[in-house]
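Worksheet: one structure, shown below.
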Amino acid sequence: MSKYKKNLGAWGEKIASQYYQKLGFEILEKNFSQKYGELDLIIKKDHQILVVEVKTRASRLFGFGEESISNKKLKNIIQTYQIFAAQNNLSPDFQIEICVVEKNNAKHKIIIFKI
């Protein structure tokens with residue numbers, strides 16, 4: 001992965017974290033990685049736990065961010081969260097959201113998809 005893509009992805013995850021914190025969510029973990037993959041954000045508000053997959057795009061030239069989430073990716077998210085929940089004594093119940101951060105010069109737009 002190029003340095004530009006890594007920096008863009010890190011920027012998008014920062015924007016997403018700030019967005020969810022403004023909504024009152026507590027960040028439990030960022031970039032939790034296991035054999036099945038990585039979870040960008042694991043957040044909690046009251047008794048609701050969300051796993052957020054952040055997709056950052058500087059343009060739509062290569063498609064929409066949400067289009068890059070395959071069934072295999074969703075399965076990996078579920079398996080990785082199950083490991084995280086067991087390690088942290090958390091409920092196995094959770095929801096998945098895709099947070100697409102679209103960058104346009106100095107501005108950005110956030111689009112949320114609930115799975």
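The values are calculated or read from the model by the stated rules, or taken from the named source; none is laboratory data. Everything numeric in this text was worked out from a predicted model, so none of it was measured. Cβ coordinates were reconstructed from backbone atoms using ideal geometry, including for glycine residues, and neighbour counts include every protein chain displayed.
Count, please, the residues in the range 1-12 that happen to be free of Cβ contacts under 8 Å to residues at least 60 places away in the same chain and either closer than 15 Å to residue 99 by Cα or surrounded by 15 or more Cβ atoms within 10 Å (Cβ to Cβ) (or both).
The qualifying residues number 2.
Out of 10, 16, report the one residue that is of a type outside the set (Asp, Glu) and either modelled with pLDDT of 90 or more or not in a helix (DSSP H, G or I) (or both).
Answer to the check: 16.
Kindly list the number of the only condition in (1) over 12 Å from the mean Cα position of the chain (by Cα); (2) at pLDDT 90 or above that fails for residue 108.
Single failed check for residue 108: (2).
I'm checking my understanding of the structure. Among residues of the range 38-59 that are within 12 Å of the chain's Cα centre (by Cα) and not aliphatic (A, V, I, L, M), which one is farthest from residue 74 (Cα to Cα)?
56
I need a count of the residues in the range 86-110 that are in contact with an Asp or Glu (Cβ under 9 Å, 6 or more places away or on another chain) and surrounded by 14 or more Cβ atoms within 10 Å (Cβ to Cβ).
Looking only at that region, the number is 8.
Looking only at the range 28-59, count how many residues are of a type in the set (S, T, N, Q) and surrounded by 21 or more Cβ atoms within 10 Å (Cβ to Cβ).
1
Any residue at all in the range 22-31 that's touching a Cys at 6+ places or on another chain (Cβ under 8 Å) and modelled with pLDDT of 95 or more?
Within the range 22-31, not a single residue is touching a Cys at 6+ places or on another chain (Cβ under 8 Å) and modelled with pLDDT of 95 or more.
Looking at residue 1 and the list (1) at pLDDT below 95; (2) in contact with a Lys or Arg (Cβ under 7 Å, 6 or more places away or on another chain); (3) assigned to a loop (DSSP other than H, G, I, E, B), which single condition is not satisfied?
Every condition holds for residue 1 apart from (2).
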